[in-house]
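Chemist: Below you will find the structure I want to go over with you.
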Amino acid sequence: MSAKINHIPSLSVGIPAYNEAANIGRLLREIVAQEESGFSLLEILVLSDGSTDGTKAEVEAVTDPRIKFTDSRQRLGKSGRVNQILQRGRGDIILLLDADITLRNSRFISEAVAGFDPEVHGLSGFNTTPVPGRTFVERSLNSSIRIVETVRRHWNNGLNFLGYRGSGIMLTKTLARSLKLPENLVTDDAFYFFSALAAGYTPRYRPDLRIYYGYTNGFTSEHEIVRIAGSGAERARSSRKGTWYVEHPTNRVRLGGEGERSRDIRREAGF
């Protein structure tokens, strides 16, 4: 376990990204606009995993010296890039975020750090919440997600793996350095949670801090959205010329027969 941090902790934000031109700029602007209270934002590490869209241009459009961008042409997958972030992050605390989420709260990071004891918790998870559903199908899916949230809060008094999704977690540098995510990892929430327990920590889940997700991007036409996501999906033209996005309660859908793992419904499936 790590030594107690008696000073204002430094923070590294890490974001793995694959073809996230429609999302990454917005997220970076949200991060640099966070109220820096109780922590020092040391760096924002953005690792592009072989992106072929305008991810690089969108990152470079956000001019902040703390943004450190790695534009790799090689595809390692999410686990590979997360492993690099866990080893490179120089902050006392590392905040991992997916590129297609939104914080929607300028005090998110400061409140997360204020309730995080590195010596005791080691790992903190957040309330990952889908954007509000507009269609009957979307609202039904959201109801199912709310059931999971109820289980997450009450199972073993909240001490369970359901609250530690890779879309947003915070961990100490000491714990980060000890981890190596397996290739093609499916349940990263369980991996983080049980790794923290094995290291002697008591992870803390924060139901009061929300991370929103649910924007699926990268479609080349409205017809493609209807074919893949269904005619009931809310859709519109993306800010990236020639692409469309769908606002959906979840970025993952079940395809094919029973037993087939879920995958991202984006045209160029990444993570």
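Chemist: Would you mind listing the strands (runs of 3 or more DSSP E) fully within segment 163-264 where at least 3 residues are assigned by TED's automatic domain parsing to the domain that holds Glu20 and at pLDDT 85 or above?
Modeler: By residue number, 168-172, 204-213.
Chemist: Just a yes or no: is a residue in segment 89-111 on the phi > 0 side of the Ramachandran plot, assigned to a loop (DSSP other than H, G, I, E, B) and surrounded by fewer than 18 Cβ atoms within 10 Å (Cβ to Cβ)?
Modeler: yes
Chemist: I'd like to check which strands (runs of 3 or more DSSP E) are fully inside segment 6-72 and have at least 3 residues that are within 16 Å of Phe108 (Cα to Cα) and among the small types (Gly, Ala, Ser). Outline the logic, then answer.
Modeler: On the way: elements: 10-17, 40-49, 67-72.
Because the criterion is at least 3 residues that are within 16 Å of Phe108 (Cα to Cα) and among the small types (Gly, Ala, Ser), the strands (runs of 3 or more DSSP E) in segment 6-72 that meet it are 10-17.
The values are calculated or read from the model by the stated rules, or taken from the named source; none is laboratory data. The structure displayed is predicted, hence computed values, not measured ones. We place every Cβ from the backbone using ideal geometry, glycine too, and count neighbours over all the protein chains shown.
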